[in-house]
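Values quoted throughout were computed directly from the atomic coordinates according to the rules given, and no laboratory measurement underlies them. The shown structure was predicted, so the numbers you read here are calculated from the model rather than taken from an experiment. In this analysis, Cβ positions are derived from the backbone assuming ideal geometry, glycine residues included, and neighbour counts consider all displayed protein chains.
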Amino acid sequence: MAASASSTILKLRTSSTAASGRPSLSTTFGVTTLSFRRRRDQRHRRFVVLALDAKPTILVAEKLGAAGVNLLKEFANVDCSYNLTPEELCTKISLCDALIVRSGTKVSREVFESSAGRLKVVGRAGVGIDNVDLAAATEHGCLVVNAPTANTVAAAEHGIALLTAMSRNIAQADASVKAGKWERSKYTGVSLVGKTLAVMGFGKVGSEVSRRAKGLGMHVIAHDPYAPADRARAIGVELVSFDEAISSADFISLHMPLTASTSKILNDENFAKMKKGVRIVNVARGGVIDEEALVKALDAGIVAQAALDVFTVEPPAKDSKLIQHENVTATPHLGASTMEAQEGVAIEIAEAVVGALKGELAATAVNAPMVPAEVLTELKPFVALAEKLGRLAVQLVAGGSGVKNVKVTYASARAPDDLDTRLLRAMIIKGLIEPISSVFVNLVNADFTAKQRGLRITEERVILDGSPESPLELIQVQISNVESKFASAISDSGEIKVEGRVKDGIPHLTKTGSFEVDVSLEGSLILCRQVQVDQPGMIGKVGSILAEENVNVSFMSVGRIAPRKQAVMAIGVDEEPTKQSLKKIGEIPAVEEFVYLKL
Ligand SMILES: NC(=O)c1ccc[n+]([C@@H]2O[C@H](COP(=O)([O-])OP(=O)(O)OC[C@H]3O[C@@H](n4cnc5c(N)ncnc54)[C@H](O)[C@@H]3O)[C@@H](O)[C@H]2O)c1
Ligand SMILES: O=C(O)[C@H](O)COP(=O)(O)O
């Protein structure tokens, strides 16, 4: 989120007297931090003022219901610019934090590339996301959300409208009457009652169409490889194979998404399997039908009639043989276009986009895990722990070691399927990657980014005895086949190992290598190993070096193998020590090795 001159300073995080010097801006999770460097006791220190940007900017590229636009305006600057060319969209997008579209805008890879990282959310005001390049969105860490429920009934009603209009030649007869003709026998229709309707895709719209078709006295069968049989049974619909559906139907209604496997699924080969005189309705996506094959099937009389709301290319060419065919009824992608559906979709998408911009996890995310609010509340401290363990682990790796294999162990008293680790894994990946690269990792692109960098994350669940009240007891992160810049972080089995727990809601480091420590992971951390003895004076020596330059020590913890044997001391600091004081710590004779880790 780029900051602008109109940024509003909301909250003073570190109280200070008037800051001076050059301010600098940085952004984390969409919150821009305005930092002043200020001279104090002859040293530079950072005083941080938390500033939220001026409102984010949301580009609404297709007409959206007023209620949704008003909701967006409460939170953001809203730019409603319709009918943009692809080039205009690419130009505008670099100034936008979110984009809202319907099915008429192609959100291509170029759009994500042109946004140069600013675009955080694409909202699809509707169901189908085939006009959004999901792979490119994910690679750019951009969340895609849709509005999957508000137009279901409208689409189902349009499907039924097309079915009935087609079977009684309503559109053709209307045009004929308006042309001054009175052709009663030409427009004799066919009845629906007792006929077999095959619903292809038994999802939200398909089920609603089935319900309504049953009400019209039709025999409804459905094909959907992923639909639960009990849902179909409850509506009185039989789930059948693809071939059985298309070969036994008098009417076929399409309700599947356009994907690689459904593209042109009605083709020459499959039209040949249909009953002669079958009638087809499509309110799903034009691309699921091979349109040339449909024209041939219409000409051959295999398909008696087709009623189409959607087309491979929208709008279709004026001279399209399909559109001009006398047995085709066409509407211009009107399935979702009722007043009620458009208001509902607008509100649904506006809430999803605003929530996503606020950093909330979206319930309708298309390219990120959806985590229910109650699960998120429980996992929140572990999410912070996961990221910090990732950060610690990767900073312990010696330069040139190349991190490839990371094992994460989650120990809990809960049953293994009672823990959704996707969020935790994403945060560990974020912690592992961000300290060593310029890549911004979030829930959307974590797995992709890890894969791209050749990072292999394996996860293990360990079941502990105890109370299942807490979702987790501990998280352990191990990096194998690497050397460490802090040898004591290497466990007996040869991996860099860090382990943490949550105590009183705060993440703690509880083990490094074979040493048990206990430090809250709030500031930054110095780990040092003492030679042979854990001398009582050590804590004082390190503490006074840090005190000399006003570095506040927030905690200290000593983990020993045995009394007076090797010990690892963990020191939490609020500020970054200078190189000189770190050098001085290294020069304490009893300190064998030490490392400074930023959290
Ligand atoms: N014309 C319009 O204006 C309009 C309006 C709303 C929805 N739609 C379109 O309708 C379609 C369905 O929408 P929905 O809300 O019901 O979606 P949905 O996700 O609820 O249902 C889609 C169903 O298709 C099934 N499916 C996937 N692959 C399949 C395959 N190979 N064969 C058979 N079934 C398959 C899925 O299992 C799912 O049950 C989408 O393409 C959507 O874009 C169009
Ligand atoms: O997938 C959908 O939701 C429908 O096709 C509606 O598309 P529209 O928002 O462009 O009307």
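Can you give the FRET efficiency for residue 469 and residue 376, using 1/(1 + (r/R0)^6), R0 = 25 Å, r = Cβ-Cβ distance, to the nearest 0.05? Taking R0 as 25 Å, the efficiency between residue 469 and residue 376 is 0.90. Using C-alpha pairs below 8 Å separated by at least 6 residues, the relative contact order for the stretch 384-473 is 46 percent.
Judged by the mean number of other Cβ atoms found within 10 Å, the most tightly packed of the peptides 109-121, 425-437 leads the ranking 425-437, 109-121. Set against the 2.2 N^0.38 Å expectation for a compact globular protein, the stretch 256-388 has a Cα radius of gyration ratio of 1.53.
If R0 equals 30 Å, the separation of the Cβ atoms of residue 583 and residue 438 corresponds to a calculated FRET efficiency of about 0.60.
With Cα atoms as the point set, the radius of gyration and Dmax of the stretch 381-523 evaluate to 14.3, 43 Å. Okay, which of the stretch 330-368 sit inside 15 Å, backbone N to the point 7 Å along the Cα-Cβ direction of residue 422? Counting backbone N atoms under 15 Å from the label point, the list is 361-368. Between residue 554 and residue 116, the modelled labels are 3.5 nm apart [label points 7 Å from Cα along Cα→Cβ]. When DSSP beta bridges are restricted to pairs lying wholly in the chain, around 55% turn out antiparallel. So if we plug the beta-carbon distance of residue 485 and residue 462 into 1/(1 + (r/R0)^6) with R0 = 35 Å, what FRET efficiency do we get, rounded to 0.05? The calculated FRET efficiency here is 0.80. Between the Cα long axis of helix 538-548 and the first principal axis of the chain there is an angle of about 80°, rounded to the nearest 10. The listed peptides 82-90, 551-559, ordered by packing as a protection proxy, come out as 551-559, 82-90 (highest mean of other Cβ atoms within 10 Å first). Taking the Cα centre of the stretch 449-592 as reference, the dipole from Cβ charges on Lys and Arg (+1) and Asp and Glu (-1) amounts to some 480 debye. Descending by average beta-carbon neighbour count within 10 Å, the peptides 248-259, 573-584, 472-483 line up as 248-259, 472-483, 573-584, the highest first. For the chain, the longest principal axis of the Cα atoms and the long axis of helix 373-395 meet at an angle of about 50 degrees.
For the pair residue 171 and residue 81, label points projected 7 Å from Cα toward Cβ lie 3.5 nm apart.
Dividing the convex hull volume of the Cα atoms of the stretch 56-153 by its residue count, what figure in Å³ per residue is obtained? Please report the intermediate quantities before stating the final value.
Numbers: hull volume 8.7 nm³, N = 98.
Value for the stretch 56-153: 88 Å³ per residue.
Cross-link reach is defined here as a Cα-Cα straight distance under 20 Å, omitting same-chain residues fewer than 8 places apart; for residue 503 the lysines meeting it are 380, 388, 511. Pairs with C-alpha atoms separated by more than 19 Å, drawn from the list 264/321; 55/106; 120/204; 55/120; 497/583; 63/321, are 55/106; 120/204; 497/583; 63/321.
Placing unit charges on each Cβ (+1 for Lys and Arg, -1 for Asp and Glu) gives the chain a dipole about its Cα centre, and among 580, 482, 119 the Cα reaching farthest toward its positive end belongs to 580.
Cα-based Rg of the chain per 2.2 N^0.38 Å, rounded to two decimals?
That works out to 1.25 for the chain.
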